Structures are given as C-alpha cells and as structure tokens.
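**Student:** Can you keep this structure in mind? I'll have questions shortly.
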Amino acid sequence: MDERDLMRGALKATGIVKKGAQLKYGAIAMVIFVVGLVLLGMFFPAGQASAADCEDTGPGTADASAVSEEAGTQATGTLHERQVEYAKDIDEAAQKAKLPGRATLIALMTAMQESTMQNLDYGHADSLGLFQQRPSMGWGTKQQIMTPSYAAESFFLGRGTNDGLSDIKGWDNLPLGDAAQKVQKSAHPELYAGHETAMRKLAKDAGINLERGGSTTGSDTTPVTSENDNCGVTKAGTGGSGGSAGGKFTDGKQTWDLKNPRSVEEAIAWAKRNSGVGSSATWYQRCLAFTAIVYGWQFSGVGYAIDHYSVVPKSMQHNGDRHPPAGALMYWDTGHRAGHIAVYLGDGKVASNDILRPGYIDVVDAELFETKWGARYIGWTPPVFPRAG
C-alpha cells in the first residue's frame, strides 16, 4: 500500500458517513490525520539499511540480512516477460561471480523446475523463491531468499553450510541436470534435464550468452577486506609485526602469549568507547575488520569472518564453549558465506556491528545473534590475528 492508497481509503471513509455531523467531522479529521502521516513520511522517510562502501566480506555475506534490492521484488508483465526478467537476474549473478554461461544455463533449468521461473512466496515446507531455498536449512531469511539476486548468488556460491554450484568439484563436466541436483538435492533429480531446450530459448529471448567463458570456481577477484577496502585505514609500515603490548591471555586452564598492539584491557576500553553513541556508521558488514582494529591492527589479513576461526591454531579453538574470557573473539555461522565475529567484553556482552543498527557498533547480549538472526554459535578463540598487519 502506498501513499495514494492511504489517501484513497481515507477519502472513501468520509464518503460513507452520511449522517451525524460529529461522525462526519470525525471522519474528515481522520483524513487530515492520515494525510499528515503520509506527508510526514514523504519528508522524513524511515531509515533503510544499505550496503556501505567499506566491507570486509565477499559476495552474498551480509551479516544483518540486508539485501541489495527490495525484498520480494516481483517482475511484471506476462508469464514469459516475467521469466525473461528473472533469467536476466540469474545471469547477472553468474557474471558477477565470474562464472561461465554454462552455469547460467544450469541455474535457469533449476529455477524452471523449482518455481517455473517465478519468485514464489510459498513452496514445500518453508521453501521460497526462484530456487525454492529454505530458511530453515540455512539459505537465508525469507526476505533474502525472496530477493532474486540474493537467491541466484546463493545457488552459484553457496550459503552457510550449503554448497553452491561453484563448490561442486568438476561441475562443469557433469551433465547439466546432474550439476543442478548436486546443489538442490531434490527427491526428483531426473526432472532438471528436461528443461534444457526451453531454457536455451529463454536465454536467447533474454539476450543471454550461454557460450560466455568464465571461472569454474566462482569469482576470481580478491575478496574485499579491511586491508583493501579503501576506507581510509592507514596501512602498517614495513614489518607490520605488531608489538608485545598484548601480553598474556588465559582462560584459567591455558595461557597464550599475544602479540597484539593493544592489551586486552586497552582493547575492551577502545571497543566500549567506539560503540553506542561513540560509534560511527562505517562498520556495515565489517565485523572482522572491527575486531582486528579493536586490538590495534590495521587490517585482519583474512577475507571472511568465518575463515578467521580456521586460521587460528586448533589448540586455540574452543568449539561450542560458551564461557570465554573477556577479550576473546566469538564466532557464529549466520547462514552466509562470511559468518560473524564479535569481541567478548565480559558479563555476557559483546561489541558488534549491525545487530542493532546496520553500520554501527553496539554492546549487546552475546545470545542476540542466535535469537535475532537465527545464527548458530561456533565457539571462541583468544584474540589472535595470525595474518594481521
């Protein structure tokens, strides 16, 4: 419903009041009130999260369910015209990921089988969208899955623990239908192949080049990190090995020597000063960059938050342990490629970006990522940054 619908409805309400001056004037007052709200909305629109230029994550890794277009966007026109538009969305996602035309064809065949190439808001169980991806299986929120570009990107690059086409070894040498099945894991794998001829024609109608070359493993570009995001962070000088200010870190059982430029106490104090009212709107999707900068590093040296857990020595990984010492790094699987990382401040609180306000740092309960985002807790590590500088 838009502003014109509200005004139309309010005017109609006055038309049905034919008796009683009090009721009539009340209805007129209501019209004025509604129109006032409409005008207020025009001049003071509600804030909307949008991707900032500064990210430390790669494609399809928004931590806070931000999407690049209006969720649930529906193409218009005849069925064929809508299918053409969605086919273009899918091909744009393939090109963005540097994948060849064969990947686009597989995705078109998949979407035709799953949804007749329509952005459905229903399906088996909780399946949704062009590819009938399920929120409960970690493909994203309903809002995200109903965004065509997001759904297509998920099909190509994977999401959370779900493999995408580019994750399937040798996918480009598999029969088209078999490649689709590797991603979808359908109960009827034989049905994808039957759409090849029709989808080749649809691709032609959409102006899609299915003979386009590309990488078979997805984007061949360097992921955007806090090191190369051009957000004004001064790079470390030659050497960049940090200092010994980090001191020792212990959980009462083990003790580790840290080499962070800031000590744990200094880092926690810095995180608190730069959160809440002290935060600036520069942290959208930059959770890993934030944690590194908290400890005095200029960049993390790792492209994705979830990957940082794996570069920390296994002896420092505390899988599933919910009792980290203050200053530890905590990790979550958010259903996206990047995952999430936050700095534990003690007393059940963490400093994190995007959870209350996209782009800002706030101090919140650690469990909020699970209750609000539906994320899965992974564990914690000491605040070590093996690739930072």
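**Student:** Go through segment 70-179 and tell me which helices (runs of 4 or more DSSP H), entirely inside it, have 3 or more residues that are farther than 20 Å from ALA375 by Cα and either among the acidic types (Asp, Glu) or in contact (Cβ under 8 Å) with a residue 40 or more places away in the chain (or both). Outline the logic, then answer.
**Tutor:** Values: elements: 79-96, 101-115, 142-145, 148-157.
It comes to 79-96, 101-115, 148-157.
**Student:** Among (1) in a strand (DSSP E or B); (2) open to solvent by 40 Å² or more (accessible area, probe 1.4 Å); (3) of a type in the set (Ser, Thr, Tyr), which single condition is SER310 missing?
**Tutor:** (1)
**Student:** Please specify each residue of segment 358-389 satisfying the condition of being in contact (Cβ under 8 Å) with a residue 60 or more places away in the chain and part of a loop (DSSP other than H, G, I, E, B).
**Tutor:** The answer is PRO358, GLY359, TYR360, GLY374, PRO382, PRO383, VAL384, PHE385, PRO386, ARG387, ALA388, GLY389.
**Student:** Turning to a different aspect of this structure: Here's a check for you: in segment 272-288, which residue that is in a helix (DSSP H, G or I) and in contact with a strand residue (DSSP E or B) (Cβ under 9 Å, 6 or more places away or on another chain) is surrounded by the fewest Cβ atoms within 10 Å (Cβ to Cβ)? Steps first, answer last, please.
**Tutor:** Narrowing segment 272-288 to residues in a helix (DSSP H, G or I): 272-273, 276-278, 287-288.
Still in the list and also in contact with a strand residue (DSSP E or B) (Cβ under 9 Å, 6 or more places away or on another chain): 272, 276, 278, 287-288.
On the way: LYS272: 16, GLY276: 14, GLY278: 12, CYS287: 33, LEU288: 30.
Per the criteria, the residue is GLY278.
**Student:** Condition first: more than 16 Å from the chain's Cα centre (by Cα) and open to solvent by less than 10 Å² (accessible area, probe 1.4 Å). Now tell me which residues in segment 349-360 satisfy that.
**Tutor:** VAL350, ALA351
**Student:** Identify, please: which residue in segment 313-348 is among the β-branched types (Val, Ile, Thr) and part of a strand (DSSP E or B) and is, among those, surrounded by the fewest Cβ atoms within 10 Å (Cβ to Cβ)?
**Tutor:** The first filter runs over segment 313-348 and keeps only residues among the β-branched types (Val, Ile, Thr), leaving 334, 341, 343.
Subset that is part of a strand (DSSP E or B): 341, 343.
Working: ILE341: 31, VAL343: 28.
In this case the residue turns out to be VAL343.
**Student:** Answer yes or no as to whether LEU79 is within 22 Å of GLU196 (Cα to Cα), open to solvent by 10 Å² or more (accessible area, probe 1.4 Å) and in contact with a strand residue (DSSP E or B) (Cβ under 7 Å, 6 or more places away or on another chain). Steps first, please.
**Tutor:** Working: within 22 Å of GLU196 (Cα to Cα): yes; open to solvent by 10 Å² or more (accessible area, probe 1.4 Å): yes; in contact with a strand residue (DSSP E or B) (Cβ under 7 Å, 6 or more places away or on another chain): no.
Spelling it out, it is not the case that LEU79 is within 22 Å of GLU196 (Cα to Cα), open to solvent by 10 Å² or more (accessible area, probe 1.4 Å) and in contact with a strand residue (DSSP E or B) (Cβ under 7 Å, 6 or more places away or on another chain).
**Student:** Might you let me know whether segment 99-119 holds any residue that is more than 19 Å from GLU190 (Cα to Cα), in contact with a Pro (Cβ under 7 Å, 6 or more places away or on another chain) and open to solvent by 10 Å² or more (accessible area, probe 1.4 Å)?
**Tutor:** No, segment 99-119 has no match at all.
The values are calculated or read from the model by the stated rules, or taken from the named source; none is laboratory data. Fair warning: this is a prediction, and the values are worked out from it, not measured in the lab. Cβ sites come from the backbone with ideal geometry, for glycine too, and all protein chains shown count toward neighbours. What goes into the accessible areas is simple: the full protein's heavy atoms, side chains included, and nothing from ligands, DNA or RNA. Shrake-Rupley method; radii C 1.70, N 1.55, O 1.52, S 1.80 Å.
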